[in-house]
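Visitor: Below are the structure tokens for one structure; questions will follow.
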Amino acid sequence: MAQLTRVSGSVGLITLQSPPVNALSAAVRQGIVDTVQRALSDPEVKSVVVCGQNGIFCGGADIKEFGTNMSGPPLVPLIHAIEVAHKPVVAAIEGIALGGGLELALGCHYRIAHSKAKLGLPEVTLGLLPAAGGSQRLPRLIGVPAALDLITTGRHITAAEALKLGVVDQVTAHSTVDVAVKFALSVAGKPLDGRRISSLPCPRPPNMDALFEGVMKKVRQSARGAIAPIACVQAIRAAATLPYDQGMERELELMASLFTSDQARALQYIFFAQRAVARWSMPSGARWDTSKPRPVHKAAVIGLGTMGRGIAVALAQTGLSVVAVETQEKQLMAAKQEMSGMLERGAKRRGVAPAFDKIRYSPDIKAVADVDLVIEAVFEDMALKEKVFQQLSALCKPGTLLCTNTSGLDVDHLASQTRSPELVVGMHFFAPAHVMKLLEVVYGSKSSPQALATAMQLGKKMGKVSVAVGNCRGFVGNRMLKPYSEQAFFLLEEGATPELVDGALEDFGFPMGLFRMSDLSGLDVGWRVRKVDGLGKSSGASGQQARIRQGRRYSPLGDVLCEQGRFGQKTGRGWYQYDKPGGRVGRPDPWLHSFLEEYRAQHGLVARRIDHQEVLERCLYTLINEGFRILEDGIAAGPEEIDIIYVFGYGWPRHRGGPMFYASMVGLEKVLARLEFYQEAHPDVPYLQPCNLLKRLVASGSPPVHKWREVVKKLHSQL
């Protein structure tokens with residue numbers, strides 16, 4: 001809805017009313033049409049101000065309408081009617097003006113923003129482009145290069161940057177509506193020809209062809225197969241080269257191709273999935289809306305390695321007081337220096353003062369006695385973590401939450417080392433912890449709903465996408481990663497090369513293939529984990545014997561490389577070769593190719609041709625199959641949790657919607673059939689056996705992904 005009132009005698013104030021963000025639903029669009037017509041036809045109204053209810057201008061389109069037959073007046077002619085109005089219309093922007101909200105403001109003749117407002121055209125993140133004139137008006141207002149930056153990235157900008165770019169005419173720290181009304185009074189009756197953006201010529205940048213060619217090349221590289229950023233460039237080129245009306249036709253044509261695309265569906269699914277995972281529940285029936293989190297004012301981090309440093313910085317940047325504990329003096333001094341730099345760089349990016357005073361460093365674990373929450377981030381060794389939790393249980397005040405950053409060890413076992421296991425949860429951050437958005441919050445069998453609620457709330461305050469999952473080896477992300485990684489090793493044994501496997505995964509949309517990522521993180525990281533599991537030691541035996549461990553096929557390739565000191569980028573050699581230790585650019589390594597040939601000969605393996613399709617099916621379908629097992633085991637409540645974890649933590653391309661959504665798009669019947677095919681070809685790989693839940697979904701007609709949660713819930717109720 002929208003309400004029209006007359007203020008200051010002659011100003012028509014139109015207020016958008018659709019909480020929480022005044023989205024442009026059918027009712028709101030109709031309200032704008034009606035109130036604008038009334039304001040323009042009222043002889044007492046000399047100028048108009050458009051604002052939003054509750055200090056928020058407009059969050060853009062109502063995305064829930066995208067999957068329906070949209071009704072109500074379309075946005076493009078609505079905005080055009082405002083722009084051609086004979087009375088000045090001023091947008092009073094508070095809170096946010098995003099997507100269609102900013103396009104609405106661009107149709108107004110003037111824009112005044114509050115100093116804390118955020119503006120942007122984020123449609124590209126939903127697989128779309130600004131299709132209510134945004135791609136045509138913004139380049140005319142601020143120039144082509146700036147418009148390309150904002151529209152192809154979808155980034156939000158501050159009011160200060162908007163003023164500098166020329167998106168808004170004025171910024172105020174006072175009541176934006178009051179300032180806008182006063183301004184509207186001052187411009188009543190003045191000519192508006194120069195204020196109608198669609199009538200302005202688009203500034204043609206020098207070397208325009210070269211500019212667009214360069215931008216398109218850059219966008220194609222960063223998009224990794226996403227089509228919306230490319231369409232955005234094409235729409236802006238139309239603004240720069242065509243009259244406005246023809247540019248709008250091109251905008252509409254491009255939007256039509258995007259609107260019903262699988263990529264748009266995937267990106268919009270991720271948008272809603274991100275909100276769905278915040279509404280967590282536990283097997284006990286406890287829910288996000290009935291479990292009150294404890295207040296956390298002071299936190300502690302134990303262990304200042306790479307992960308601990310990032311976690312402590314992330315907590316401090318949230319505004320919490322942090323006790324950072326490292327018992328090794330040399331490590332403590334190095335951490336102080338590194339964390340100061342991290343705080344300084346982070347503050348510079350955000351335009352605030354560094355939070356140096358929020359962190360107190362200590363070599364003594366007793367310094368945690370008065371904190372509200374502790375996050376243990378010591379070396380991934382169960383005996384060491386047991387000792388830490390025993391100490392924390394004895395030292396911390398009653399009610400202190402004890403959290404572990406383990407990437408896969410048993411949270412229940414660690415909880416058993418304490419006097420209050422209900423206060424123990426996992427908080428699995430991803431490196432670098434002060435940058436990466438994902439946080440897996442792991443509840444054990446005795447974790448209280450309040451403990452889970454507190455960890456989830458803290459993650460939200462830290463700007464993380466927090467996902468609640470159950471306790472098992474590897475939780476969700478790393479549990480699924482294991483069969484995915486093993487299939488990549490098996491493909492090398494059968495004839496592939498690291499660059500072939502990585503090329504297929506990168507063409508699919510991953511920012512980095514599995515072997516490149518392994519070189520970056522260090523081959524020795526996985527080697528240590530395999531040793532804990534009783535694996536990780538190569539064998540001099542030949543043939544099948546060397547490749548069977550614990551009753552199943554096992555590839556010792558990574559172990560052999562580690563035994564030779566090839567740990568990846570840090571040593572200058574891994575799956576690729578680098579110019580020097582610490583080098584970033586990997587090249588195919590002739591030594592490795594020869595090594596693989598010798599390895600196959602030693603183990604009686606005959607190399608065969610492997611194509612990209614097999615790489616994707618073997619790696620991705622086994623990962624997806626493990627995702628179905630996780631749902632079946634009740635470790636994740638629904639496919640959304642799995643998909644959010646993989647998009648935000650493991651580089652799964654957003655425009656493919658996460659592994660479980662991707663399975664639904666490929667077709668569950670096809671995933672099942674290919675798994676059965678590969679399981680028959682490789683009977684010594686148990687996880688290729690299709691999961692019962694997958695079979696059940698196929699037998700029930702392969703329902704859409706948003707129906708799976710109910711199927712899983714019903715399955716668990718029958719067990």
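FYI, it's all coordinate maths here, none of it is from the lab. Predicted model, so just to flag it, every value in this text is computed and none were measured. Because the Cβ atoms are built from the backbone with ideal geometry, glycine has one as well, and the counts that use them run over all protein chains shown.
Visitor: Under a crude label model (7 Å from the Cα following the beta-carbon direction), how far is residue 279 from residue 218 in nanometres?
Guide: Label at residue 279, label at residue 218, 4.0 nm between them.
Visitor: Could I ask something else about it? Taking the Cα atoms only, what angle lies between the long axis of helix 498-508 and the longest principal axis of the chain, rounded to 10 degrees?
Guide: Once rounded, one gets 30 degrees.
Visitor: Between residue 259 and residue 460, with labels modelled 7 Å along Cα→Cβ, what's the label distance in nm to one decimal, could you check?
Guide: Taking the two extended label points, one gets 3.4 nm.
Visitor: Averaging sequence separations of C-alpha pairs under 8 Å and six or more residues apart, then dividing by the length of segment 612-718, give the relative contact order as a whole percent.
Guide: 34 percent
Visitor: Could you work out how much longer the chain between residue 338 and residue 384 gets when fully extended? Use 0.36 nm per residue separation minus the Cα distance between them, nm to one decimal.
Guide: 14.1 nm
Visitor: Using amide H atoms built in the peptide plane, which far-off residues or other-chain residues are under 5 Å from residue 305 H to H?
Guide: none
Visitor: Return the calculated 222 nm mean residue ellipticity for the chain, to the nearest 500 deg cm²/dmol, obtained by summing -39500 (n - 2.57) across DSSP H runs with n ≥ 4 and dividing by the residue count.
Guide: The per-residue figure over the chain is -14500 deg cm²/dmol.
Visitor: Starting from the eigenvalues of the Cα gyration tensor, five times each then square-rooted, give me the equivalent ellipsoid semi-axes of segment 1-130, largest first, whole Å.
Guide: They are 23, 16, 13 Å, listed from largest to smallest.
Visitor: What share of Cα pairs, in percent, lie more than 12 angstrom apart in segment 42-99?
Guide: Beyond 12 Å sits 75 percent of the P(r) for segment 42-99.
Visitor: Hey, any idea what the orientation-averaged projected area of the convex hull of segment 162-253's Cα atoms comes to, in nm²?
Guide: Mean orientational projected area (segment 162-253, Cα hull): 8.8 nm².
Visitor: Could you tell me how many cubic angstrom of Cα convex hull volume segment 298-470 has per residue?
Guide: For segment 298-470, the hull spanned by Cα atoms encloses 93 Å³ per residue.
Visitor: Would you please give the FRET efficiency between residue 520 and residue 1, computed as 1/(1 + (r/R0)^6) with r the Cβ-Cβ distance and R0 = 51 Å, to the nearest 0.05?
Guide: Once rounded, the FRET efficiency stands at 0.45.
Visitor: Let me ask you something else. Could you work out the mean projected area of the convex hull around the alpha carbons of segment 612-718, in square nanometres to one decimal?
Guide: For the Cα atoms of segment 612-718, the hull's average projected area reads 6.7 nm².
Visitor: Something else about it: Would you mind calculating the relative contact order of the chain from Cα pairs under 8 angstrom and at least 6 residues apart, reporting the percent as a whole number?
Guide: Once normalised by length, the contact order is 9 percent.
Visitor: What's the local net charge at residue 633, with K and R +1, D and E -1, over the other residues with C-beta under 13 Å away?
Guide: 0
Visitor: Moving on. What's the angle, to the nearest 10 degrees (0 to 90), between helix 306-317's Cα axis and the longest principal axis of the chain?
Guide: That helix lies at roughly 30 degrees to the long axis.
Visitor: With a 10 Å radius around each residue's Cβ, average the other Cβ atoms per peptide and rank 277-287, 399-409, 554-564, highest first.
Guide: Output ranking for 277-287, 399-409, 554-564: 399-409, 554-564, 277-287.
Visitor: Would you kindly compute the Cα radius of gyration of segment 353-395 and its largest Cα-Cα separation (Dmax), both in Å?
Guide: Gyration radius and largest Cα-Cα distance of segment 353-395: 12.5, 40 Å.
Visitor: Continuing with this model, one more query. Roughly how far apart, in whole Å, are the Cα centres of segment 581-632 and segment 428-455?
Guide: About 32 Å separates the Cα centre of segment 581-632 from the one of segment 428-455.
Visitor: For a footprinting-style exposure proxy, rank 333, 462, 456, 517 by other Cβ within 10 Å, fewest first.
Guide: Ascending Cβ contact count within 10 Å gives the list 333, 517, 462, 456.
Visitor: Please give me the summed charge of the neighbours of residue 310: other residues whose Cβ is under 13 Å from its Cβ, Lys and Arg +1, Asp and Glu -1.
Guide: Every neighbour counted, the sum reads +3.
Visitor: How much FRET efficiency would the formula 1/(1 + (r/R0)^6) give for residue 306 and residue 413, where r is the Cβ-Cβ distance and R0 is 30 Å, rounded to 0.05?
Guide: Step by step, r from the Cβ atoms, then E = 0.80.
Visitor: Helix 668-681 sits at what angle to the longest principal axis of the chain, using alpha carbons and giving 0 to 90 degrees rounded to 10?
Guide: Between helix and principal axis, roughly 20 degrees.
Visitor: In nm, give the distance between the simple-model label positions of residue 608 and residue 682, each being 7 Å from the Cα along the Cα-to-Cβ direction.
Guide: 1.2 nm
Visitor: If packing is taken as the average number of other Cβ atoms within 10 Å across a peptide's residues, how do 27-39, 416-428, 111-123, 193-205 rank, most packed first?
Guide: Highest-to-lowest ranking by the protection proxy: 111-123, 416-428, 27-39, 193-205.
Visitor: Right, here's the next one. Inverting the mean 1/r over all pairs of different Cα atoms, compute the Kirkwood radius of segment 2-259 and quote it in Å.
Guide: Hydrodynamic radius (Kirkwood, Cα only) of segment 2-259 equals 18.2 Å.
Visitor: Be a star and scan segment 310-341 for residues whose amide nitrogen sits under 12 Å from the point 7 Å along the Cα-to-Cβ vector of residue 394.
Guide: none
Visitor: State whether segment 317-357 is rounded, prolate or oblate according to the following rule on the C-alpha gyration tensor (a ≥ b ≥ c being the square roots of its eigenvalues): a/c under 1.5 gives rounded; otherwise a/b larger than b/c gives prolate, and the remaining case gives oblate.
Guide: oblate
Visitor: Among the listed pairs 336/366; 292/461; 116/460; 292/446; 118/460; 218/460, which have their C-alpha atoms separated by more than 22 angstrom in this model?
Guide: Correct reply: 218/460.
Visitor: Moving on. For segment 411-416, what does the Karplus curve 6.51 cos²θ - 1.76 cosθ + 1.60, with θ = phi - 60°, yield as ³J(HN,Hα) per residue in whole Hz, taken in order and with x for Gly and Pro?
Guide: Result, rounded to whole Hz: 5, 4, 5, 5, 4, 5.
Visitor: Take residue 445, project a point 7 Å from its Cα along the Cβ direction, then tell me which residues of segment 417-434 have their backbone nitrogen under 20 Å from it.
Guide: 417-427
Visitor: Just need the Rg to Rh number for segment 71-148, please, alpha carbons only, Kirkwood Rh.
Guide: We get a ratio of 0.96 for segment 71-148.
Visitor: A further question follows. Give the order of 708, 288 when sorted by the count of other beta carbons within 10 angstrom, beginning with the fewest.
Guide: Listed from fewest to most nearby Cβ atoms, that is 288, 708.
Visitor: Taking every DSSP beta bridge that has both residues in the chain, what percent is antiparallel when rounded to the nearest 5?
Guide: 30 percent
Visitor: With no solvent and one point per C-alpha, what does the Debye sum give as log10 I(q)/I(0) for the chain at q = 0.07, 0.10, 0.11, 0.12 Å⁻¹?
Guide: -0.57, -1.11, -1.27, -1.40
Visitor: A further question follows. Restricting things to alpha carbons, tell me how big segment 214-357 is in terms of Rg and Dmax, in Å.
Guide: Taking only Cα atoms of segment 214-357, I get Rg and Dmax of 23.7, 68 Å.
Visitor: Which order, highest average first, do 352-360, 472-480 follow once you tally other Cβ atoms within 10 Å for each residue and take the mean per peptide?
Guide: Packing order, densest peptide first, comes out as 472-480, 352-360.
Visitor: A further question on this structure: Quote to one decimal, in nm, the extra length available between residue 41 and residue 149 on full extension: 0.36 nm per residue of separation minus the C-alpha distance between them.
Guide: 35.0 nm
Visitor: How compact is segment 570-660 by the rule of thumb for globular proteins, expressed as Cα Rg over 2.2 N^0.38 Å?
Guide: The reported ratio for this selection is 1.49.
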